[in-house]
Amino acid sequence: MIRAAIAAFLLLLCLPARAETVEGNKIFIEFSYDASSPELEAAEKWGRAHFAKAKAAGRPLRLSVGRSRGTTLISLESVAICDRVKACPLLVFRDLTARPILETSSFQNVLIEYRGTEIFLVIRLWDEITECRITGMGRAKCKKAPKSPLP
């Protein structure tokens, strides 16, 4: 019994800290992880053009990762591929072994919102807000948001 308690305690110490803020049905994603090997492989495969553009410009490319409940968001960041208006490329995965369900741009100002059985990724880019339905494994469906769900 004591061994089981010690093992459970050690397991809790090894788990990464939660990198999100939960407010009701909204989860504000924090890009605070370095990419794991599977995440790096997925980013290199599906962001091949971005990696090539950064390499051709002689600029480093950094990956920032946000994770929440089975959704992985990978931000590709480099002076060569980011733009002050269009932001940085963002790949959104529900399964790292499959193609991303969404390829977009973001300044990492995103949240995941649960509405009943539907899951939405909400992206703010300047004053423009886009909501993308990411429920299931297919491609995300996006539309401009009529109101501001972000503070």
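The values are calculated or read from the model by the stated rules, or taken from the named source; none is laboratory data. Owing to the predicted nature of the structure, the values given are computational and were not obtained by experimental measurement. We place every Cβ from the backbone using ideal geometry, glycine too, and count neighbours over all the protein chains shown. SASA here: full protein model, heavy atoms, side chains in, ligands and nucleic acids out. Shrake-Rupley method; radii C 1.70, N 1.55, O 1.52, S 1.80 Å.
Pull out all pairs, ordered by first then second residue, where Cβ-Cβ is under 7 Å, the residues are six or more apart or on different chains, the first lies in region 66-92 and is over 13 Å from TRP46 (Cβ atoms), and the second is part of a loop (DSSP other than H, G, I, E, B) and among the acidic types (Asp, Glu).
GLY66/GLU30
If the requirement is being assigned to a strand (DSSP E or B), open to solvent by 50 Å² or more (accessible area, probe 1.4 Å) and either more than 17 Å from ASN25 (Cα to Cα) or not small (Gly, Ala, Ser) (or both), which of these qualifies: GLU103, GLU113, GLU131?
On the way: GLU113 fails: open to solvent by 50 Å² or more (accessible area, probe 1.4 Å); GLU131 fails: open to solvent by 50 Å² or more (accessible area, probe 1.4 Å).
Among GLU103, GLU113, GLU131, only GLU103 is assigned to a strand (DSSP E or B), open to solvent by 50 Å² or more (accessible area, probe 1.4 Å) and either more than 17 Å from ASN25 (Cα to Cα) or not small (Gly, Ala, Ser) (or both).
How many residues are on the phi < 0 side of the Ramachandran plot, surrounded by fewer than 19 Cβ atoms within 10 Å (Cβ to Cβ) and in a loop (DSSP other than H, G, I, E, B) when one looks only at region 51-74?
Counting residues in region 51-74 that are on the phi < 0 side of the Ramachandran plot, surrounded by fewer than 19 Cβ atoms within 10 Å (Cβ to Cβ) and in a loop (DSSP other than H, G, I, E, B) gives 3.
If you go through region 78-100 one residue at a time, do you hit one that is assigned to a loop (DSSP other than H, G, I, E, B), at pLDDT 90 or above, open to solvent by 70 Å² or more (accessible area, probe 1.4 Å) and of a type outside the set (D, E, K, R)?
Yes, region 78-100 contains at least one residue that is assigned to a loop (DSSP other than H, G, I, E, B), at pLDDT 90 or above, open to solvent by 70 Å² or more (accessible area, probe 1.4 Å) and of a type outside the set (D, E, K, R).
Restricting region 22-50 to residues that are of a type outside the set (Ser, Thr, Tyr) and either touching a Pro at 6+ places or on another chain (Cβ under 6 Å) or in a strand (DSSP E or B) (or both), which is most open to solvent (accessible area, probe 1.4 Å)?
Applying the filter and picking the extreme gives GLU23.
On the given criteria, is LEU15 over 16 Å from SER75 (Cβ atoms), modelled with pLDDT under 95 and of a type outside the set (D, E, K, R)? Steps first, please.
Details: over 16 Å from SER75 (Cβ atoms): yes; modelled with pLDDT under 95: yes; of a type outside the set (D, E, K, R): yes.
So LEU15 passes the test.
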